[in-house]
Amino acid sequence: MNLEVLNGRWPFWLGALALAVTAVGYAAVLGRLLGVSGMYERLVHARAELAVDREERAFRDRATLGEALRRETLAEMERQGIQVPPEELAAPVTTAQAGPAIAPRVPLWGQLVFLVMMFAGGALAKALAGGLTFQSQPDPAHLQLFGKAAPLALLFGGVLVGFGTRMAGGCTSGHGLSGCGRLQPGSLLATACFFGSGVALSMVLARVLA
Amino acid sequence: MRGGGWSGHASTVSSADGPKKPAPGQSCPHSATCPLYPQFTMASFLRYWRTSYCDADFSRCARFRLASEGKPVPVNMLPSGNLMKLTPK
């Protein structure tokens, strides 16, 4: 099977459409904003994240949450020496007092599936175009720049990307798609920095490699 | 915003010494996404948390500090840092 439109570089509008459907669909279905670096971050903290997921399931019942909140708040106020009116102490927890239910987080396994599918989607697109190959050696351009240290340079580059995206509070998906789509000033600035520095570095490298 | 993974756009930035102290009158930038924040209006005494943390010095909120460090925030963690228990001690 060979789809002509997938050969070579995709037309920009098709890529944009696919990204838009993914970002909007993710927000519409899960009620959360798409952010890929954040998903990796959750995987790094997988143990703590799973513990949080367990706690969340236990507190999803509004009445349970309301009762625990009431009990702990009164205890905290007592510790702080704040007087609580007796009628509030005696008041039963009602559904109205329990407050809105806590919106569930995207489960960790769901985000793991998303990350796996991201790679699978890329591989599928390439396979449909008939050019899927696996390469264990760095790109010739990398070898020209870094010689035998090219794999280490790639690893270091990956670490820098991870560090930078966490420092910026998002990556090209979180800021570029979700943030810019909502016209968030911080995201517009972050995306301008991502792409601006990318273009500038590409131009420098093009001269060096030439 | 947390949850989707993306930490959003907190106007208060972290530093090596922890989050900066908020300006007077500044509310917590995480209030829109904090699952406990809406709960704090449902009974009069629960407003204690808002007046002591969310709408006051939120930089000392344990939830805010964890989120600012990019760490998962337990849903049962109160702004004081205490963890709510399902059953009385």
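The values are calculated or read from the model by the stated rules, or taken from the named source; none is laboratory data. On a predicted model such as this, the values are computed, not experimentally measured, just so you know. Positions of Cβ are backbone-derived with ideal geometry, glycine not excepted, and every protein chain shown enters the neighbour counts. Side chains included, ligands, DNA and RNA excluded: accessible areas come from the protein's heavy atoms. Shrake-Rupley method; radii C 1.70, N 1.55, O 1.52, S 1.80 Å.
Brief remarks follow.
- With respect to (1) at pLDDT 65 or above; (2) facing chain A (nearest Cβ under 9 Å); (3) open to solvent by 60 Å² or more (accessible area, probe 1.4 Å), the lone exception for residue B:69 is condition (2).
- Among the residues of the stretch B:73-88, at least one is more than 8 Å from chain A (Cβ to nearest Cβ) and at pLDDT below 85.
- In the set (1) over 30 Å from residue B:74 (Cβ atoms); (2) in contact (Cβ under 8 Å) with a residue 60 or more places away in the chain; (3) of a type in the set (A, V, I, L, M, F, W, C), residue A:114 fails one condition alone, (1).
Residue-by-condition table, conditions (1) in contact with a Gly (Cβ under 8 Å, 6 or more places away or on another chain); (2) over 19 Å from residue B:33 (Cα atoms); (3) more than 7 Å from chain B (Cβ to nearest Cβ):
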| site | (1), (2), (3) |
| --- | --- |
| A:25 | no, yes, yes |
| A:31 | no, no, yes |
| A:40 | yes, yes, yes |
| A:46 | no, yes, yes |
| A:51 | no, yes, yes |
| A:55 | no, no, no |
| A:58 | no, yes, no |
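- The single condition among (1) surrounded by fewer than 19 Cβ atoms within 10 Å (Cβ to Cβ); (2) aliphatic (A, V, I, L, M); (3) modelled with pLDDT of 85 or more that residue B:10 does not satisfy is (3).
- Unmet criterion (only one of (1) open to solvent by 60 Å² or more (accessible area, probe 1.4 Å); (2) within 14 Å of another protein chain (Cβ to nearest Cβ); (3) modelled with pLDDT under 85) for residue A:5: (2)
- Scanning the stretch B:40-60 for residues that are within 10 Å of the chain's Cα centre (by Cα) and surrounded by 21 or more Cβ atoms within 10 Å (Cβ to Cβ) turns up B:49, B:53, B:54, B:58.
- In summary, residue B:63 fulfils each of the numbered conditions (1) surrounded by 21 or more Cβ atoms within 10 Å (Cβ to Cβ); (2) touching a residue at least 40 places away in the same chain (Cβ under 8 Å) with the single exception of condition (2).
- Residue A:110 vs. criteria open to solvent by 30 Å² or more (accessible area, probe 1.4 Å), on the phi < 0 side of the Ramachandran plot, at pLDDT 85 or above and not polar (S, T, N, Q): no
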